[in-house]
1. Taking the residues in the range 190-210 that are surrounded by 20 or more Cβ atoms within 10 Å (Cβ to Cβ) and among the small types (Gly, Ala, Ser) as candidates, determine which candidate is nearest to LEU61 (Cα to Cα).
2. If the requirement is being of a type outside the set (Lys, Arg) and farther than 25 Å from ILE498 by Cα, which of these qualifies: ALA582, ALA587, ALA549, ALA533?
3. Only one of (1) under 27 Å from GLY477 (Cβ atoms); (2) without any contact (Cβ under 8 Å) to a residue 40 or more places away in the chain fails for ARG602. Which number is that?
4. From the list ARG220, ARG213, ARG229, which residue is buried (at least 19 other Cβ atoms within 10 Å of the Cβ) and not in a helix (DSSP H, G or I)?
5. How many of the residues making up the range 209-233 are without any contact (Cβ under 8 Å) to a residue 24 or more places away in the chain and within 14 Å of the chain's Cα centre (by Cα)?
6. Please enumerate the residues belonging to the range 259-286 that are charged (D, E, K, R) and out of contact with any Ser or Thr (no Cβ under 7 Å at 6 or more places or on another chain).
7. Restricting to the range 236-258, give me the number of residues that are in a helix (DSSP H, G or I) and in contact with an Asp or Glu (Cβ under 7 Å, 6 or more places away or on another chain).
8. Those residues that are surrounded by fewer than 18 Cβ atoms within 10 Å (Cβ to Cβ) and either part of a helix (DSSP H, G or I) or touching a residue at least 60 places away in the same chain (Cβ under 8 Å) (or both), I need them from the range 172-189; list them, please.
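The values are calculated or read from the model by the stated rules, or taken from the named source; none is laboratory data. Keep in mind that this is a model prediction, so the values were computed, not measured. Neighbour counts run over all protein chains shown; Cβ positions are idealised from the backbone, glycine included.
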Amino acid sequence: MELKIEDLLAFPMQIAEQVRKGVEEADSFKQECADMNKKVEKVAHLLRQAARFSSTNPAGLYERPTSRIMLEVTKSLERALVLVRKCKRSGILKRVITITNTTDFKKVNLLLESSIGDITWLLNISASGEDRSEYAGLPPIASTDPVLGLVWEQVSIVHVGTPEEKAEAAAYLDTLAKDNERNVKIIIEEGGVPPLLRLLKEGTVSGQEAAARALGRLARDREHVKAMRAEGVCAVFTHILGNHAAAMKVQSQVAWAISQLASHDEEAQKELASMGAIRLLVALLAHDLIEDTSLKVTNKNTSIHSLVKTMGEQKTVGQVSTKDLSQTGNDLDTNLEPAAIGVKPGSVFTKLRSPTSGQNGYPSGQISSLHLASRSHRDKEDPEIKLRLKADAAHALWKLAANNVKNSKLITDTRALLCFAKLIETGHGQVKYNSIMAIMEIAAAAEKDKELRRSAFKTNSAAVKAVVECVLRVLEGEADEPYIQAPCAKALGSLAHIFPAPARSQIAALTIALGSDDPEVAAEGAIALCKFADDKNYLHMEHSKTILALGATDHLVQMVNFGDPYGQIHALQLLCYLSLNAADSDALAKAATLPALLTFSRSQLLTKHEDIRPLLMDAIAKLELYQLGSSHCKPSDVL
C-alpha cells in the first residue's frame, strides 16, 4: 500500500528533530555539528513548507518524485543522526572504537545540500503560475539520469501549468517518447498518463491535440497499453470521439492514438469495441459522405444514402440495439449514452459526464441548439482537417479489425463498407490506403468465420458490390501504386468463397496482378487465385477453367521459372491446383507447364517447402497422364 504525501514528509521531519536534539547533546566536534545543523534546519524548513503546500494546494505535490526524493532525504538525515550521536561522550571504550573526523561531516553536508536542492526543485515544479521559476533545471537526484528529471518536470507542468504550458509540456513528452523505448517506459512509470488524460478531457484544443498525440506515442507495446488501459484511456478516447463539441483535429489525433492501442493489444481492441468506439469511428468516417451521390455501384444514379437504406436494420452494437446509422447524417454528432454502446452504468465512461447533465455534460434543454451549432461548425471545418480525420478514423478501424472477427462483425453491421468504397474511389494517399487495409482485414476475418462471411458478404448486397468494384478498379488501374494493389489482391482472395462462377471480373483482375512488375503484387495475385482453385472452394473446378481461359498460365510459368522465391512457391501451388483440376487443358500444354513443374521438382528451393512436394508430384503425374501425347508436349520435352 502506497504512503500518502503527508506520511512521506512526516518521517524525515521526525529524524530532523532528532538530529537537532543530538547536536545539543554533542560533546565533540561542536562547531562541525552546529554547521551541519544549519543545513538540517534548512531541510526541515523546506519539509514543513512542502507539507503546507500539499495540504493547501488542490493539485498537491507530484507523487512520483516526492516519494523518490523523500527516500533520499531520509537517508541523508539518518547519516547526520548517526554522526551527531558519535559526538556524544559515552565511555572511553566507545570513543576509541568510533572515530569521527571532519571528512565525515563534509560527506554528510554534501548529502544535505543535495536534499535541499531536491526539495527546492520539487516545490518549484509543483507550483503554478508566477510561483514557479521559468527554468527549474535538474534536481541533484536526477544528475545521473537527466531524462528522469525532464519527465518529472514536464509531467508536473501538464498537471499544474497554465493551459499554454500544459500544451507545450504534452508536446515535449511526445518528443521524448518518439522512437525511444526507455523514455516511454519512464513516462508511464512516473505517472505521466493520468495528467495527459486529464488534459485531453479538459484542456484547450492545442493541449488536447498534444495530449492525444503523446498518449498514442506511449502505446508502443502490450505492457505499455495494459498500463494505460488501467488508467482508463479507452473510456476517455471513446468520450472524445462521441463528443460533438470536440474539435475535429482532436478527434483525429484520438483516432490515431486508438489505432496505436489496437495495434499492440487485443484486449484494447475488445475494450474499445465494447465502449462503442467502432460505431463512433464509422460516424466520423461518414461525415460529408452521407449526402454525396457520386458513388457508382450498380448504376450511375445510385448514392450512398439510397444504398444504405437498402441494407435494412443494422445489428446490435455492444449487445445493445442502436439506431441504424443510415437513417441520418447527424449520427456523427450524436453522443451516445453509455447504455447505447454497451457500457455499464457506473463505469469510468459514465463518470466523465455530470449526473445532472444531458449529452456531453450540457443541460438537456441546450442539446438541440448545441447540436445544430456544432454541425454547422464542422461543415465549415478546414478540408485538410476533415481529410486527416477520415484517414485516422479508417486507420483506427483497420487496426480494430485486424485478427478480430467480432470487431469485424461490428464494423460490417454499420455503413462502414460503403464509406470505405467511397473513400477508395474518390480518396488518395493515406485515406485510400487505410480504407483498403481495413477492407483487407475485414475480408480476412470473413475468410476465417463462415458466419461473418454469410451475414456481411452477400453478393447481392449493395455494400459488398461497391467494395468489390472499387477493389477491382484499383487492381486493374493502379499499376503505379503497388502498395495498395497487394492488399486489394489479398482482400479478393479472402472473399474467394463468396463469388459465384465464373467470377470473370475478379479472376481477370487477379490475372492482371500476376503480370505486375512488383513481385509482391504478383505473389499476392497467385495466393488469391489459389483460393479460387483450391478444392476447399466448392466451385474450384469452374474457377480453374476461368483462370485458364483468361490466360493466367503464361504468367505463372514465368513466375515459376524466373520469379522471386516467395512468388515462385505460390505460382507453383496455383499451377498444381490447375493441373489437378483441368489437366487436359490446352492452355496448360501451350504454356509448357509440365516441363516447368519437372524442373522445379529438382530445385533446391523445394527442399525448404517439403509440404508442397506431395501436391507437386500429384500434379506432375496428372499432367503426364493427359499431356504426354499432345502436340504441345512431347516425351522429349520432359526427358
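1. GLY192
2. ALA587
3. ARG602 satisfies all of (1) under 27 Å from GLY477 (Cβ atoms); (2) without any contact (Cβ under 8 Å) to a residue 40 or more places away in the chain except (1).
4. Details: ARG213 fails: not in a helix (DSSP H, G or I); ARG229 fails: not in a helix (DSSP H, G or I).
Unique residue meeting the criteria: ARG220.
5. Of the residues in that region, 1 qualify.
6. ASP265, GLU266, GLU267, LYS270, GLU271
7. Of the residues in that region, 7 qualify.
8. Those that are surrounded by fewer than 18 Cβ atoms within 10 Å (Cβ to Cβ) and either part of a helix (DSSP H, G or I) or touching a residue at least 60 places away in the same chain (Cβ under 8 Å) (or both): THR175, GLU181, ARG182, LYS185, GLU189.
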